[in-house]
Amino acid sequence: MQISPDELLAKVGSDLHIHVLPGIDDGAATLDDSLALLDLHYKAGIRRIVATPHIRSDFFPNTTDTIREAYAKLQTVAAQHWPDLELTYAAEYYADDYLMTLIEADELLPLFDRYVLVETSMRSEQPYFTHILRALIDKGWKPVLAHPERYRPWHQRPERYAELYEMNVIFQINLLSLGGLYGSAEQAVAERLIQQGWVGAVGSDLHHATQYRYIHRATQHPDFAIVSSQLLLNHTILQADKA
Ligand SMILES: [Fe+2]
């Protein structure tokens, strides 16, 4: 099947998870790196992007100020290149003690509305993770779980997904997972979540333009047609008030 390169991601229309801000995490290092990612996304039909740099106290101690500064740098140039591309910023919060302090201080950057992107350890089960999700929900936030398919400790525990789904946690799968970047186990869990109808949002989670071939592969996966036809936060945000 031949897919026009202009239309690859048009059915999704927005990206809610991407490390595109220059120089503040393990994503785009320079402004040129950022622009390369935006260029690929624009050509693929993306018209709204929420930049989500890591906030993690041990490795990526970003703050609203560091994010806002990097965003301003990129936005100035992006607005000249792509006037109809809407670029906003939020963060990908690692669920740790620091996140708890931010929740208590009510200092979170949402994707939009009250939706907050959160991640946990991919290697080991963090017993307090559910507690942090509950703290978010109790404060009126709507947690969006980044890449549920990448949490290896849960791969043999389907009940963990059910527990979080029943808490109304929104599952955001990575298109890079569907494209096979991380391996067959992650791809298989992404497929299962799509087929269960449990995916509420998709993101690229792109860090580098070199990963884009896996985005192309994702769009050719039969489950991409399924997930992009479902009602996703990606579609809701296109209708939402501009930030
Ligand atoms: Fe990420």
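Please report, largest first and rounded to whole Å, the three semi-axes of the ellipsoid equivalent to the chain, where each semi-axis is the square root of five times an eigenvalue of the C-alpha gyration tensor.
Whole-Å semi-axes of the equivalent ellipsoid: 25, 23, 16.
How much net charge surrounds VAL77 when only the other residues with a Cβ under 13 Å from the Cβ of VAL77 are counted, with Lys and Arg +1 and Asp and Glu -1?
Numbers: positive: LYS73; negative: ASP32, ASP33, ASP39.
Once positives and negatives cancel, what remains is -2.
Treat each spin label as a single point 7 Å out from the Cα along the C-beta direction, and report the MET167 to ALA79 distance in nm.
3.9 nm
Positive end of the dipole of the chain, charges at C-beta (+1 Lys, Arg; -1 Asp, Glu), about the Cα centre: which of MET122, PHE224, TYR182 has its Cα farthest in that direction?
The one lying farthest along the dipole's positive direction is PHE224.
Rounded to the nearest 500, what is the 222 nm mean residue ellipticity of the chain from helices alone, with -39500 (n - 2.57) per DSSP H run of 4+ residues and division by all residues?
On the way: 10 runs with 100 residues, N = 243.
Rounded to the nearest 500, the figure is -12000 deg cm²/dmol.
Which residue, chosen from ALA70, TYR214, LEU164, occupies the Cα position most advanced towards the positive end of the dipole of the stretch 14-239, where the dipole is computed from +1 (Lys, Arg) and -1 (Asp, Glu) charges on Cβ about the Cα centre?
Most positive-ward Cα: TYR214.
Within 10 Å, count the other beta carbons around each residue, average over each peptide in 123-130, 149-156, 63-70, and list them highest first.
The densest-packed peptide leads the list: 149-156, 63-70, 123-130.
Just so you know, all these numbers are worked out from the coordinates, no wet-lab data involved. For clarity, every value in this text was computed on a predicted model and none was experimentally measured. Please note: Cβ atoms are built from the backbone with ideal geometry, for glycine as well, and neighbour counts cover all protein chains shown.
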